[in-house]
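The next block holds one structure in the form of structure tokens; read it before the comments.
The values are calculated or read from the model by the stated rules, or taken from the named source; none is laboratory data. This is a predicted model, so every value here is computed, not measured. Note that we place each Cβ from the backbone using ideal geometry, even for glycine, and neighbour counts take in every protein chain shown.
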Amino acid sequence: MKFYMASGFVNKLLVQQIGEKIKNTLNWELTYDWTKNERAETKEELTVIGMNEFQAVVDSDVIIVILPGGKGCHTEMGIALGNNKKVILFDPENTLRDLSIATTFYFLPQIKHWGGAIEELPTLCSSSNPYCASL
């Protein structure tokens, strides 16, 4: 299974930790590791990073979104939904409980909410439906 991790720079370390656990435990392939990038300072750098991240989402079977996320994270989630990718949402800070800051898209039936146990991921993604199982 190919996967992509979407989040904000504030979660860079968490993304690295979870990504390594997924690769080592499930033998899944990470399509692109954006955590190796520094913040872009030019339009050209933004273009290259954007193209790499876009292609990584398209190439993945599942996208794991870790909240809180920034603009890029939500764009990647939209690309994934638009391409019928499996979308799993991990919310370690309980953002979803505060409806004043949670977006409506977090509650789409296509998005599966995940508690963080690596062993649960294959089950969450085993549906024959192009999306993960509904809430």
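Annotation: Leu96 fulfils all but one of (1) modelled with pLDDT of 95 or more; (2) touching a His at 6+ places or on another chain (Cβ under 9 Å); (3) surrounded by fewer than 17 Cβ atoms within 10 Å (Cβ to Cβ); the unmet one is (1).
Taking residues in the stretch 1-23 that are touching a residue at least 40 places away in the same chain (Cβ under 8 Å), and partners anywhere that are of a type in the set (D, E, K, R) and crowded, with 16+ Cβ neighbours inside 10 Å, the pairs with Cβ atoms closer than 7 Å and at least 6 places apart or on different chains are Ala6/Glu76.
Scanning the stretch 1-29 for residues that are part of a strand (DSSP E or B) and not hydroxyl-bearing (Ser, Thr, Tyr) turns up Lys2, Phe3, Met5, Ala6, Glu29. List every residue pair whose Cβ atoms lie under 8 Å apart, where the two residues are 6 or more positions apart in sequence or sit on different chains, the first residue falls within the stretch 25-39 and is modelled with pLDDT under 95, and the second residue, located anywhere, is acidic (Asp, Glu) and surrounded by fewer than 14 Cβ atoms within 10 Å (Cβ to Cβ). Filtered contacts from the stretch 25-39: Thr25/Glu119.
Specify which of the listed residues (Lys71, Lys21, Lys2) is touching a strand residue (DSSP E or B) at 6+ places or on another chain (Cβ under 8 Å) and not β-branched (Val, Ile, Thr). None of the other options fit; the residue is Lys2.
Conditions (1) in contact with a Gly (Cβ under 6 Å, 6 or more places away or on another chain); (2) over 23 Å from Glu120 (Cβ atoms), marked per residue:
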position	(1), (2)
Leu13	no, no
Leu30	yes, no
Glu44	no, yes
Gln55	no, yes
Val65	no, no
Glu76	no, no
Ile79	no, yes
Lys86	no, no
